[in-house]
Amino acid sequence: MPKNHQEAPVLDALAAYRQRGELGFTPPGHKQARGAAPEVRAVLGDAVFLGDVLASGGLDDRRMKSGVLQRAEVLMADAVHAEHAFFSTCGSSLSVKAAMLSVAAHGQKLLVGRDAHKAVISGLILSGIRPVWVEPQWDTERHLAHPPSPEAYERAFEEHPDAQGALVTSPTPYGVAADLRAIAEVCHRRSRPLVVDEAWGAHLPFHPDLPTWAMDAGADVCVTSIHKMGSGLEQGSVFHLRGDLIDHDTLASRADLLGTTSPSVLLYAGMDGWRRQMVLEGHTLMSRALDLAASVREEIESIDGMHVNDRDDFCGPGSEFDPLPVVIDIANLGISGYLAADWLREHHHMDTHLMDHRRVSAQLTHADDVETTKRLLTGLRDLARQAPSLPRGPEVAVPAPSELRMDQARLPRDAYFHATEDVPVERAAGRVAAEMITPYPPGIPVVLPGERLTEPVLRYLLTGLEAGMNLPDPADPELHTVRVCADD
């Protein structure tokens, strides 16, 4: 039966709640903004508090008889060609863990691309799943990792036929999408499910000129962050299910196990309204965004010292490319992406997305227009003019791919929960790491718990820190010490 995508069940229920003048003697304690501090209301606005109601016993009755959330999830699934959709208010970091726990259990194997986000590694630590690492496709010239190839997953399954399934990250934060159809075929030939961490791909179902959406490519579960490329609020995530290789009730149970019992209706409403917006206007909005991105890319390419990475730079056979992450190589300016990002924020009040030793990224969405991109171009042109007078930062010692990968001496879970000690970084080589060390953004760990540390990796992190790299997760973010297993 055709679905009515003019409807937005959560938003409609919120409007009705306010029209009825409901009076709650329940959480949240601010009681529709009445108890919030005036200074807080002045900054956040009353609309935030008015939309902050209980999901059960507020937006819906205590037994959820109106099915407000369920109807919103059904509409979401229909919009993106899935069979089921699950809303999460804990971000894709939770959603991908729920998907992993639905595929494999403690001690079982799961094929995982080594370019996975730290949320995936957290899932391995919590679950005790045994990762079988699948190597990304390395661009040794640009020092960049792209999604693993279907052949890499094929080889991994041949070597580990007892693996319960596979997980791939696609698209990457740099805009490169894996050959998902071929990877799904590798999995399904063995009746194994494919989970796609598609956090950067919520917009993909809504335009044919974007990379293939995971559900259309045959994935069994895909996880999307509505707040990244959509119009949802931060932490809004949806994971989608198709087929029978992953049981619906198992996936729902895993999500319930990990999720909060106090979900934010504000986040539900943002996801619900975004789905309606994209079904009704998505093609037009994405067409405009793609045209704008093409124009902006051309303008940046004309700036001396800057090169916009494009399909020819990043994509090999079978892979696809999303042009909305505008990744700018500034190596010829003689400055790092870290310095460039800080300079643009200080001098042009502009926040860029990714940055590394030679790149800075401006993430465009359907919300951008001529005015926002004009400011971007003005800032970049000014950066290019000022670059010769800016301090030359220290060089980052980026290892070759062969040096970047370390031996997995213990399972991530076993190392993380082992007795630990903090050792000076100059004495850490040869020890087994007991923590993640992750340059952020984008949040892909360089060091995992259980890996045996090496000099090239430690030198990379130390020179990166000196150049401006951010390492938020180790016990010592300045890396004077490293947390390792105590008796390794």
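The values are calculated or read from the model by the stated rules, or taken from the named source; none is laboratory data. Only a predicted model underlies this, so the values are computations on that prediction, with no experimental measurement involved. Here Cβ is always computed from backbone atoms with ideal geometry, including for glycine, and neighbour counts include all displayed protein chains. Each accessible area value is taken on the protein alone, full model and side chains, heavy atoms only, with ligands, DNA and RNA left out. Shrake-Rupley method; radii C 1.70, N 1.55, O 1.52, S 1.80 Å.
Starting from residues that are open to solvent by less than 20 Å² (accessible area, probe 1.4 Å) and part of a strand (DSSP E or B), keep the ones in the range 316-350 and report whichever is nearest to residue 396 (Cα to Cα).
My answer is 329.
How many of the residues making up the range 195-223 are farther than 22 Å from residue 443 by Cα and either among the hydrophobic types (A, V, I, L, M, F, W, C) or touching a Lys or Arg at 6+ places or on another chain (Cβ under 8 Å) (or both)?
9
Tally up the residues in the range 252-292 that are charged (D, E, K, R), touching a residue at least 40 places away in the same chain (Cβ under 8 Å) and surrounded by fewer than 19 Cβ atoms within 10 Å (Cβ to Cβ), please. Give the steps one after another, and end with the answer.
Of the residues in the range 252-292, the ones charged (D, E, K, R) are 254, 256, 272, 275-276, 281, 288, 291.
Of the ones still in play, those that are also touching a residue at least 40 places away in the same chain (Cβ under 8 Å) are 254, 272, 275-276, 288.
Imposing the further condition that a residue be surrounded by fewer than 19 Cβ atoms within 10 Å (Cβ to Cβ) reduces the set to 288.
Of the residues in the range 252-292, 1 are charged (D, E, K, R), touching a residue at least 40 places away in the same chain (Cβ under 8 Å) and surrounded by fewer than 19 Cβ atoms within 10 Å (Cβ to Cβ).
Tell me, yes or no, whether the range 400-409 has at least one residue that is touching a strand residue (DSSP E or B) at 6+ places or on another chain (Cβ under 8 Å), open to solvent by 40 Å² or more (accessible area, probe 1.4 Å), small (Gly, Ala, Ser) and at negative phi.
Yes - at least one qualifying residue is present in the range 400-409.
I need the helices (runs of 4 or more DSSP H) fully contained in the range 189-286, keeping only those with at least 1 residues that are more than 24 Å from residue 148 (Cα to Cα). Lay out the reasoning, then the answer.
Details: elements: 214-217, 226-229, 248-258.
Of the helices (runs of 4 or more DSSP H) lying wholly inside the range 189-286, those with at least 1 residues that are more than 24 Å from residue 148 (Cα to Cα) span 226-229, 248-258.
Would you tally the residues in the range 216-242 being aliphatic (A, V, I, L, M) and over 20 Å from residue 285 (Cβ atoms)?
The number of residues fulfilling the criteria is 5.
Here's a check for you: in the range 450-472, which residue that is in a loop (DSSP other than H, G, I, E, B) and buried (at least 18 other Cβ atoms within 10 Å of the Cβ) is farthest from the chain's Cα centre (by Cα)?
To start, the set of residues in the range 450-472 that are in a loop (DSSP other than H, G, I, E, B) comprises 450, 453-454, 468-472.
Filter once more, keeping what is buried (at least 18 other Cβ atoms within 10 Å of the Cβ): 450, 453-454, 468-469, 471.
Numbers: 450: 23, 453: 26, 454: 28, 468: 22, 469: 19, 471: 17 Å.
Looking at the filtered set, the residue picked out is 454.
Mind listing just one residue for me: the one in the range 225-251 that is open to solvent by less than 10 Å² (accessible area, probe 1.4 Å) and under 21 Å from residue 262 (Cα atoms) and, of those, farthest from the chain's Cα centre (by Cα)?
Taking the range 225-251 and keeping what is open to solvent by less than 10 Å² (accessible area, probe 1.4 Å), we get 225-226, 229, 236-241, 246, 251.
Among the residues that remain, those that are also under 21 Å from residue 262 (Cα atoms) are: 225-226, 236-239, 251.
On the way: 225: 7, 226: 10, 236: 12, 237: 10, 238: 12, 239: 13, 251: 20 Å.
Restricting to residues being open to solvent by less than 10 Å² (accessible area, probe 1.4 Å) and under 21 Å from residue 262 (Cα atoms), the top hit is 251.
For the structure I just gave you, tell me whether residue 98 is in contact (Cβ under 8 Å) with a residue 40 or more places away in the chain, open to solvent by less than 10 Å² (accessible area, probe 1.4 Å) and either closer than 17 Å to residue 401 by Cβ or charged (D, E, K, R) (or both).
Values: in contact (Cβ under 8 Å) with a residue 40 or more places away in the chain: yes; open to solvent by less than 10 Å² (accessible area, probe 1.4 Å): yes; either closer than 17 Å to residue 401 by Cβ or charged (D, E, K, R) (or both): no.
Criteria not met by residue 98.
Being within 16 Å of residue 315 (Cβ to Cβ) and in contact with a Gly (Cβ under 7 Å, 6 or more places away or on another chain) is the filter; apply it to the range 127-145 and report the residue that is least open to solvent (accessible area, probe 1.4 Å).
Of everything passing the filter in the range 127-145, 136 is least open to solvent (accessible area, probe 1.4 Å).
Between 362, 428, 433, 415, which is open to solvent by less than 30 Å² (accessible area, probe 1.4 Å), under 30 Å from residue 284 (Cα atoms) and of a type outside the set (Phe, Trp, Tyr)? Lay out the reasoning, then the answer.
Numbers: 428 fails: under 30 Å from residue 284 (Cα atoms); 433 fails: under 30 Å from residue 284 (Cα atoms); 415 fails: under 30 Å from residue 284 (Cα atoms).
When all the criteria are applied, what remains is 362.
If you go through the range 65-99, how many residues are of a type outside the set (A, V, I, L, M) and more than 17 Å from residue 233 (Cα to Cα)? Let's see the steps before the verdict.
Step one: list which residues in the range 65-99 are of a type outside the set (A, V, I, L, M), which gives 65-67, 70-71, 73, 78, 81, 83-84, 86-93, 95, 97.
Still in the list and also more than 17 Å from residue 233 (Cα to Cα): 65-67, 70-71, 78, 81, 83-84, 97.
Total satisfying the criteria: 10.
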